[in-house]
1. Show me 528-535, 542-549 ranked by packing, highest mean number of other Cβ atoms within 10 Å first.
2. Suppose the chain between E104 and A88 were pulled fully straight at 0.36 nm per residue; how much longer would it get relative to their current alpha carbon spacing?
3. Please give the peptides 391-399, 25-33, 622-630 ranked by average Cβ packing (other Cβ atoms within 10 Å per residue), highest first, as a rough proxy for protection.
4. Label points 7 Å out from Cα along the Cβ direction at T228 and Q44: separation in nm?
5. All other residues with a Cβ under 14 Å from the Cβ of F89 taken together, and with Lys, Arg as +1 and Asp, Glu as -1, what is their net charge?
6. Please compute the net charge surrounding F616, taking Lys and Arg as +1 and Asp and Glu as -1 over other residues with Cβ under 10 Å from its Cβ.
7. Mind ordering 424-436, 136-148 by average Cβ neighbours within 10 Å, highest first?
8. Calculated FRET efficiency, E235 and L571, Cβ-Cβ r, R0 56 Å, to nearest 0.05?
Amino acid sequence: MLGKLVRDRYQIVQILSTTELCHTYLAKDTHQQHPTTCIVKNFQSVSDHPESLVTLRGLFLREVEALKRLGDYDRVPQLLDYFEANQAFYLVQEFVAGNPLNTEFEPGHTWSESQVVELLQEVLLILEFVHSHGLIHRDIQPSHIIRRRQDDRLVLVDFGSVKQAWTQVVTNQGKTNSNYFLSGPATIAIGTAGYTPTEQAQGRPRPNSDIYALGIIGIQALTGLNPTQFIQNSETGEISWQDKCQVSPKLAQVLDKMICYHYRDRYQSATETLQALQPLVKKHLYPQVVIKKKTDYTKELKQQTFLSKPALLVGSLIGSVAAILIIGGNYYFTRSPQRTPQQKPSVSLSPRSTLNNIVLDKTLSGHSDTVWSVAVKPNSQNILSGSSDRTIKLWNVSTGQVLQTFSRHSGTVWSVAVSPDGQRFASGSSDNTADVWDLTTGKILFTLAGHSGTVWSTAFSPDSATLATGSDDQTIRLWSMSTGKEFRQLLGHSGAVRAIAFSPDAQYLISGSSDKTIKIWDFRAGKVLRTLQGHSDRILTLAISPDGRLLASGSVDKTIKIWQISTGKLLHTLSGNSHWVNTVAFSPDGTLLASGIGKNLEVWEISTAERIRTPFQEASDITAVYFSADSKQLISSSRDNSIKILRL
C-alpha cells in the first residue's frame, strides 16, 4: 500500500497498525494546496462470505456514525471523508500529532497524585461528552488516548468499537439525562484485557464500563503496574492495589468506586464521577485564586503611564462594550501539538516589554480547562468567561479576582453573551441547553431546552428582549426573555450554526454555519433575506461593525471576508493566513478588526484591508477576542485556560 493513491487523492506514506479487519495508515491529502497529513483506515474482509462483508460494513459504519455524531468536538478526531471501493471501506480522519499515553507508562515508573487527578479530569470530560451523545467507547486503554504535542491536551481515538447504548431524554428541568439500555441481546464482547469489566466481557457494556477502564488506567499510573498484574479477590471480584503505591484516602475511594466489580456499585455516569473528583481537582489543580505580589517592575510601570491610573485602564478596557456585536469564542480547533500544565489561579502583571507593538498587561487564570468564550458587562469592570471545565466565571478585571462561579451545565460552555442592558447573561453548552442568569443576583432565570445538539452560539437582541441560540442541530431558536419560551425556529442551514449576531438596528439576525454559508434573516418573519457564499470551508466566527454596515466572517478555510450587509457584496478577502480563523471583532470606532488565527492575535485596518501590527503570538490557540471601548485594548481568551488583557 505504501505510495498508493487511494481514490486518486489520499497517498499512503506509512503503515501505523494492522489488525485482521482494519489497516491504519498515515496519508497525505493531495487535493489540498499544501498536502496535509491525515489518517486513512481501511476496513477489509478476510473472507468472501456475504456475512463477513455485512459484519465489516457494520464495523465501518459504526465508527463513521460515531464520529459524525460527535461532530466538531475537539477531543476526538474529526471525520474528513469516508467511502467504499471494491468491497473495501475507507475512513479518513484528522491526524492528531502526539504520543499515545502508553508511551508514558514505563514499567516501574509511577505518576504523582496530581498527574493522575489531571488525567482523570480530562478523560472524564471527554467521556461525559461522548456518553451524552448516546455512545459507549468500549475500548478505553492508554494506546487510544493521545497527548497532543502542541497543547498537551488528551484526545480519545479509535471509535471502531463504539456502541450506541441509549437515547437522550430531556427532563422537566431542561437538562439532558440518559435513559439507559438495560435489556436486549448481548453484543460481541469487545475490549482489551485488563481494562474490560465483566459486563462488557459478557457483551453487555454500559456507560460506566468506560469509567471502569479509566479507573484502571489511573491505578496503572499510580502503581507502575500493568493491569494484568493486579490481584483480584476470588470471592468478591474486587481488585487489590492500594498496597502497591502511596495514595490519599480520597483518591483511593474515587478509584475504588470507578473499578467496582459490579456495574451497579460504580459511579453511574461520567458526570457523577467528575463531581466526586472535584475536591481533588480543587486541591491539586487550582486552589483558591490568589493575587501575586507586585514585583519590582510594577514600580517602574507605575512611573510610566499605563498602570499609574488603574481606573483609566479598566474604564477604557471595559467601557460600553455592549455596542460591539462579536461572536467568536465558541469554536472547535485543529489538533495541534508543548506541555501546558494546569495553571494555578493567579493574576500576573507583565513587564513593560512590547511584542510587535502589543503589550500584555495582565493575565487572568482560574479555569481548569480551555476558555472558549468571553463577554463583557457594559459600563463595568466585570467580564464573564465560559470554559470546557463546565463553569462560567465572573471576574473583576481591576483586581483579577473571581467574583462568582456558575456551574449548572453538564458539558463544555461554548458561548457566553451579556444582554445590552447588562441585566442578564446567557450560556450555551454541549449539554444541548442554554442557561439564562440574572447578572445582579447570580440566580438562574431559565434553562432553555429544545435543541438536539450542542449550543455553539448565543446572542441577545439590541433591546435585550430576545435571545437567539445556534446549534449543532442546524437550527436557530428565538426565545422570549420575559417568559423563557421559544417563539420561533429559523430553518435553512444544512450544517451546525456556529455563530450568530443581531445587527445594531435590530433589522437583521446573521448566522454563520458549518455548511460554509452565511444567512441574513428577517428574524421577526422567520425568512432568509440573503445567503452569502464564498468561504470554502466551515464558518466559525462573525462580527458586525458598530454602524451595522459591514460583516466580518472567519473560516476554517484560513480567510477573513468583509461583506457589505445591505447588498451582500464581498468587499475584501484577507488571506495568506497559516491557520483557521477562530475569532474576529470590530473596534468600537469601526476602523480596526482584530482576529485570532491559531496562536496569532492580529489587527487589521478596515479601510486598507492590511495588517497594522505584526501578530502577537500566544502560547496556545486564541479562542475569543474583544476590543475595549476606546479601541486601544484587547481582551482575549485561549486554550491555555487563561484570559489576557492586551494594549495596542
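Read-outs throughout are calculated quantities, based only on the coordinates presented, and are distinct from any laboratory measurement. Every value quoted in this text rests on a predicted model; they were computed, and no experiment measured them. Neighbour counts are summed over all protein chains in view; Cβ atoms, including those assigned to glycine, are modelled from backbone coordinates with ideal geometry.
1. On the way: 528-535: 16.5, 542-549: 20.1.
In decreasing order of mean packing, 528-535, 542-549 become 542-549, 528-535.
2. Values: separation 16, 0.36 × 16 = 5.76 nm, distance 3.47 nm.
Length difference between fully extended and current span is 2.3 nm.
3. Numbers: 391-399: 20.3, 25-33: 15.3, 622-630: 25.8.
Packing proxy ranking, top to bottom: 622-630, 391-399, 25-33.
4. 2.8 nm
5. Summing Lys/Arg as +1 and Asp/Glu as -1 gives 0.
6. Summing Lys and Arg as +1 and Asp and Glu as -1 gives +1.
7. Numbers: 424-436: 25.8, 136-148: 22.7.
Sorting 424-436, 136-148 by mean packing, highest first, produces 424-436, 136-148.
8. Efficiency computed from Cβ-Cβ geometry: 0.15.
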